[in-house]
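First the structure, in the form of structure tokens, and then the observations on it.
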Amino acid sequence: MDLSFTDEELAFQAEVREFLETKLPADVKDRYERGLHFTKEGQVRWQKILNEKGWMAPNWPAEYGGTGWTATQKYIFAQELGRASAPPPIPFGVSMVGPVIYTFGSQEQKDYYLPRILNSDDWWCQGYSEPGSGSDLASLQTKAVRDGDEYVVNGQKIWTSHAQHADMIFCLVRTDSNAKAQEGISFLLIDMNTPGITLKPIIGLDKEHTLNEVFFDDVRVPVKNRVGEENKGWTYAKFLLGNERTSIARISQSKLKVKKLRAIAAEQRTNGGLLQDDTDFMRKLNQIDVDLMALEYTELRMLSRIQKGEKLTAEPSLLKIKGSDIQQALTELSVEALGMYGVAYEAEEIREGRNDQNFAPDYANGPMAEHLYLRAASIYGGSNEIQRNIISKMVLGL
Amino acid sequence: MDFELSEEQVLLKDSVDRFVLDNYGADDRLKLSQTELGFSRDHWKQMAELGWLGMAFPEEVGGFGGGAVETMIMMESMGRGLVLEPFVSTVLLGGALIAEAGSAEQIESIIPSVIEGNLMLAFAYAEPQSRFNLNDVETTATKSGDGYVLSGTKSVVYHGGTADKVVVSARTSGGSRDAEGISLFVVDTNASGVDVRSYQTVDGQRAADIRFDNVSVGADALLGEEGKAAPVIEKIADRATAALCAEAVGAMAAANEITNEYLKTRKQFGIPIGKFQVLQHRMVDMYMEAEQSKSMADMAAMKLDIGYSDETKRAVSAAKSQIGKACKFVGQQSVQLHGGMGMTDEYSIGHYFKRLSTIELLFGNTDYHLNRFSALS
Ligand SMILES: Cc1cc2nc3c(=O)[nH]c(=O)nc-3n(C[C@H](O)[C@H](O)[C@H](O)COP(=O)(O)OP(=O)(O)OC[C@H]3O[C@@H](n4cnc5c(N)ncnc54)[C@H](O)[C@@H]3O)c2cc1C
Ligand SMILES: Cc1cc2nc3c(=O)[nH]c(=O)nc-3n(C[C@H](O)[C@H](O)[C@H](O)COP(=O)(O)OP(=O)(O)OC[C@H]3O[C@@H](n4cnc5c(N)ncnc54)[C@H](O)[C@@H]3O)c2cc1C
């Protein structure tokens, strides 16, 4: 056991730090720091910069364009991203469907999609949830019926994040209605421009548009766009969810938020002094910081077990639950930090160009937006209730 | 002791419930909150006609002499529908301050118009540095000839953008956070030097930042005694806080009903999700928080009707800290139990969450009131 970095690791850290200081676009950084939703253009611009450097996919095997880094280097990289307020890549391509493709996909799929993911040529979205199938994902009803070299897809997906930007959607579809729920599902890669696909926006609590309904009406998908075997999609889907649950802990982002809150507390006036003199407030902030440290070292301990070749079962669910609790506590506290200005909130479209119109401090633009959106952190990626069910069953044997 | 409503009180409650049922369907409320104004002047007229705008004013000034209990009854029912009209701002804050501290002429020239629904008010007290401290007033009022000149910035003035007149707290003497030296003024929002900038709040309402740039007012703008306004402000803020507690109780009751119904109808894994024990217990906790909150809101209102002492202040702070905690728990968990549905603007539950979160911080958040309770204990 040893927590210190080697000289090479320190040099690597300096290299990452320098890269982020010089290459991260200021506008991208600003939105991310505030907790506002990204713009597609800004996010793609930034991801292309990462890819040019060869740092788009630290978790991929080197043969597919991964970095070949050690676990410690990956850790350093994630920390530095957080420290620099640099958004990580959107997960749908590089963290979700990419690993499914290189693990289970055909050679043709690997050759075509993986480079396009790395270079952000395709924007991917995730077509799992349906109106009747959220927590009980395996009950999904969107059907794909084989017709020669094609599947004909009919049905509906919902809560599809950022689908309005997407070129591609990876979809779970039912290919066998007679088998047990989990055994009749296949995993399809579908071009969003295929005739028969329509989108309907869902406006969120935060009055912004990130969610969508996606409708499939006789959508024809080449059979070669199926990943792996027919009716084995559930295996791939679960593989993907396992990956999703670790990245969802967002530890370095939360560290950034703690740092930002300390800065706000050093500026925000209260009772003739500063918010940082308010022991109630600081106690809450410090408690979160301690929780976050416990989570960080839990994650490191798990990564070390994975590195050693151990197979984890449901332990990543712990990261998801604790990570989302912390994110929510932090955004709640960020709103609280603003005092009365916590209630002033307008959707971006309305607020556009009138930042200067009220007298709120500049950092008031962001916390409420993020607070509202992140109520979903305990819902998406498998709700925290479902994660607890998984731990109790898989880890505790209950 | 009697926790039951009188016949007149039942009639009052029924009439507000009816209004909410008729006018505040979830879709109606969402549409209304998205209009420029953010509420309905027709509703306001109706409220005047029904006598609600006069309910809280003493009979001497043309009101119906209702007490904190009557206010509680109305607010609880309005809370169920998340009513958007500026009832608190106009009647319970601006109007109440004038009725409490104003001269006969001031009352006569303003309160009847308020009761008739022809005049809207707001209370400008918070400042960028003040957080929840009502005595942290840096806006100044300097004597000049017969009158005063006001300078300073007030932040997040609920319904400041639609108010015809605002009641403003300003310092006529004393240091930044002294209770001594705070005065109240009634100022026309269209007076020269008054800059009102309105924006939306997260609960679908409107607030404004108001800058006073050397605004000249006459001696008749002063409300009550110069420099002696702090106790008046504290009292009216406590009454308004108790009213907001009642609003929260109504909103929590509605949120719990909606969520409970959802647990019975939404199916996953082939059964209603309300069959999962973890959700049953969560719902039970939400129910218990709402019950405890109702008890505290009733208690605070009844104590206010007995008189106003340190014990009353302590009671209001106790109620607000219980209810603040409950607002967060019930609001957040009702979203959680709805899954994705809870995250949408179209479905009503998120709006309850947002208003409940807002009430938690209005006139002091949970920590603030727990500290005030402790200081008074
Ligand atoms: C902001 C956001 C972004 C999303 N992005 C995507 C996306 O890009 N792609 C995608 O496919 N999906 C996405 N989702 C969908 C998300 O995965 C689902 O919302 C989630 O799985 C919950 O499903 P549901 O909404 O149907 O809720 P339900 O499953 O109906 O759950 C309602 C409540 O019941 C609880 N519950 C359900 N079953 C049990 C049980 N057995 N035991 C205990 N409690 C239970 C849940 O925890 C929840 O509290 C997103 C959701 C949100 C809110
Ligand atoms: C100090 C003391 C005094 C007592 N006095 C008396 C007395 O005077 N007369 C008398 O008859 N008995 C008495 N009892 C017994 C008491 O009523 C039982 O202990 C109690 O009913 C729990 O039963 P148990 O101990 O068998 O625990 P169990 O029933 O085995 O419960 C164990 C745990 O499982 C939980 N649990 C059980 N079923 C469920 C479920 N369906 N859903 C969720 N959780 C569940 C329980 O809450 C508990 O946490 C006393 C007990 C104590 C500790």
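The values are calculated or read from the model by the stated rules, or taken from the named source; none is laboratory data. The structure presented is a predicted model; accordingly, all values stated were derived computationally and were not measured. Because the Cβ atoms are built from the backbone with ideal geometry, glycine has one as well, and the counts that use them run over all protein chains shown.
Does at least one position in the range B:290-302 carry a residue that is within 16 Å of ligand 1 (Cβ to nearest atom) and surrounded by fewer than 22 Cβ atoms within 10 Å (Cβ to Cβ)?
Looking through the range B:290-302, none of the residues is within 16 Å of ligand 1 (Cβ to nearest atom) and surrounded by fewer than 22 Cβ atoms within 10 Å (Cβ to Cβ).
Taking the residues in the range A:213-229 that are buried (at least 21 other Cβ atoms within 10 Å of the Cβ) and within 14 Å of ligand 1 (Cβ to nearest atom) as candidates, determine which candidate is nearest to A:Pro131 (Cα to Cα).
The residue in question is A:Val214.
Within the range B:253-273, can one find any residue that is away from ligand 1 (no atom under 16 Å from the Cβ) and in contact with a Gly (Cβ under 9 Å, 6 or more places away or on another chain)?
yes
Within the bounds of the range B:328-348, is there any residue that is in contact with a Phe, Trp or Tyr (Cβ under 9 Å, 6 or more places away or on another chain), away from chain A (no Cβ under 11 Å) and modelled with pLDDT of 95 or more?
Yes - at least one qualifying residue is present in the range B:328-348.
Out of the residues in the range A:169-189 meeting the condition of being within 13 Å of ligand 1 (Cβ to nearest atom) and aliphatic (A, V, I, L, M), tell me which one is nearest to A:Gly35 (Cα to Cα).
We begin by selecting, within the range A:169-189, every residue within 13 Å of ligand 1 (Cβ to nearest atom); these are A:169-173, A:187.
Cutting the leftovers down to aliphatic (A, V, I, L, M) gives us A:169, A:172-173.
Values: A:Ile169: 25, A:Leu172: 31, A:Val173: 34 Å.
Taking the candidates together, the pick is A:Ile169.
Picking from B:Ala48, B:Ala56, which residue would you name as being surrounded by 20 or more Cβ atoms within 10 Å (Cβ to Cβ) and of a type in the set (A, V, I, L, M, F, W, C)?
B:Ala56
When the residues of the range A:193-212 are narrowed to those that are within 7 Å of another protein chain (Cβ to nearest Cβ) and outside any strand (DSSP E or B), which ends up surrounded by the fewest Cβ atoms within 10 Å (Cβ to Cβ)?
Ranking the qualifying residues of the range A:193-212, first place goes to A:Lys207.
Look at A:Phe215 and say whether it is in a strand (DSSP E or B), more than 25 Å from A:Val94 (Cβ to Cβ) and away from every other protein chain (no Cβ under 14 Å).
For A:Phe215, the condition - in a strand (DSSP E or B), more than 25 Å from A:Val94 (Cβ to Cβ) and away from every other protein chain (no Cβ under 14 Å) - is met.
Just one of A:Thr298, A:Thr270 is surrounded by 15 or more Cβ atoms within 10 Å (Cβ to Cβ), of a type in the set (S, T, N, Q) and under 26 Å from A:Ile321 (Cβ atoms); which is it? Steps first, answer last, please.
Details: A:Thr270 fails: under 26 Å from A:Ile321 (Cβ atoms).
Of A:Thr298, A:Thr270, the one residue that is surrounded by 15 or more Cβ atoms within 10 Å (Cβ to Cβ), of a type in the set (S, T, N, Q) and under 26 Å from A:Ile321 (Cβ atoms) is A:Thr298.
How about the range A:313-325: which of its residues are away from chain B (no Cβ under 14 Å) and either buried (at least 16 other Cβ atoms within 10 Å of the Cβ) or part of a helix (DSSP H, G or I) (or both)?
A:Ala314, A:Glu315, A:Pro316, A:Ser317, A:Leu318, A:Leu319, A:Lys320, A:Lys322, A:Gly323
How many residues are within 15 Å of ligand 1 (Cβ to nearest atom) and part of a loop (DSSP other than H, G, I, E, B) when one looks only at the range A:145-166?
Residues that pass the stated criteria total 5.
If you check B:Ser151 against the conditions, is it modelled with pLDDT of 95 or more and among the hydroxyl-bearing types (Ser, Thr, Tyr)? Break it down stepwise before answering.
On the way: modelled with pLDDT of 95 or more: yes; among the hydroxyl-bearing types (Ser, Thr, Tyr): yes.
Yes.
Would you please list the contacts, defined by Cβ atoms under 6 Å and residues six or more apart or on different chains, that run from a residue in the range B:324-340 that is assigned to a helix (DSSP H, G or I) to a residue that is of a type in the set (Ser, Thr, Tyr) and away from ligand 1 (no atom under 11 Å from the Cβ)?
Listed by first residue and then by second, the contacts come to B:Gly324/B:Thr366; B:Lys325/B:Thr366; B:Ala326/B:Ser293; B:Gly331/B:Ser357.
Only one residue in B:Val284, B:Val316 is more than 16 Å from ligand 1 (Cβ to nearest atom), at pLDDT 95 or above and in a helix (DSSP H, G or I). Which one?
Going through B:Val284, B:Val316 in turn, just one is more than 16 Å from ligand 1 (Cβ to nearest atom), at pLDDT 95 or above and in a helix (DSSP H, G or I): B:Val316.
For every residue, the table says whether it meets (1) more than 14 Å from ligand 1 (Cβ to nearest atom); (2) part of a helix (DSSP H, G or I); (3) not hydroxyl-bearing (Ser, Thr, Tyr).
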| residue | (1), (2), (3) |
| --- | --- |
| A:Gln327 | no, yes, yes |
| A:Leu333 | yes, yes, yes |
| A:Gly342 | yes, yes, yes |
| A:Met368 | yes, yes, yes |
| A:His371 | no, yes, yes |
| A:Ile386 | no, yes, yes |
| A:Gly397 | yes, no, yes |
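For the range B:11-39, which residues satisfy the criterion of being touching a helix residue (DSSP H, G or I) at 6+ places or on another chain (Cβ under 9 Å) and not in a helix (DSSP H, G or I)?
Those that are touching a helix residue (DSSP H, G or I) at 6+ places or on another chain (Cβ under 9 Å) and not in a helix (DSSP H, G or I): B:Tyr24, B:Gly25, B:Gly38, B:Phe39.
Step by step: first the residues of the range B:349-377, then only those that are polar (S, T, N, Q) and not in a helix (DSSP H, G or I), then the one that is farthest from the other protein chains (Cβ to nearest Cβ). Which residue is that?
Ranking the qualifying residues of the range B:349-377, first place goes to B:Ser377.
Restricting to the range B:174-187, name every residue that is over 18 Å from B:Lys154 (Cα atoms) and more than 14 Å from chain A (Cβ to nearest Cβ).
Passing the criteria: only B:Glu180.
Inspect all residues belonging to the range B:237-253 and state whether any of them is charged (D, E, K, R), out of contact with any helix residue (DSSP H, G or I) (no Cβ under 7 Å at 6 or more places or on another chain) and assigned to a helix (DSSP H, G or I).
No, there is no match, as no residue in the range B:237-253 is charged (D, E, K, R), out of contact with any helix residue (DSSP H, G or I) (no Cβ under 7 Å at 6 or more places or on another chain) and assigned to a helix (DSSP H, G or I).
Return the total of residues in the range A:1-38 being modelled with pLDDT of 95 or more and polar (S, T, N, Q).
2
Residues B:Phe329, B:Phe353: which one is within 20 Å of A:Arg375 (Cα to Cα), within 16 Å of ligand 1 (Cβ to nearest atom) and either of a type in the set (A, V, I, L, M) or crowded, with 22+ Cβ neighbours inside 10 Å (or both)?
B:Phe353
Could you please give the count of residues in the range A:377-398 that are free of Cβ contacts under 8 Å to residues at least 40 places away in the same chain and within 12 Å of chain B (Cβ to nearest Cβ)?
3
Can you find a residue in the range B:226-238 that is crowded, with 17+ Cβ neighbours inside 10 Å, farther than 30 Å from B:Ser293 by Cβ and within 24 Å of the chain's Cα centre (by Cα)?
Yes; the residues of the range B:226-238 include at least one that is crowded, with 17+ Cβ neighbours inside 10 Å, farther than 30 Å from B:Ser293 by Cβ and within 24 Å of the chain's Cα centre (by Cα).
If A:Ala263 satisfies all but one of (1) within 14 Å of chain B (Cβ to nearest Cβ); (2) without any contact (Cβ under 8 Å) to a residue 24 or more places away in the chain; (3) of a type in the set (A, V, I, L, M, F, W, C), what's the number of the condition it fails?
(1)
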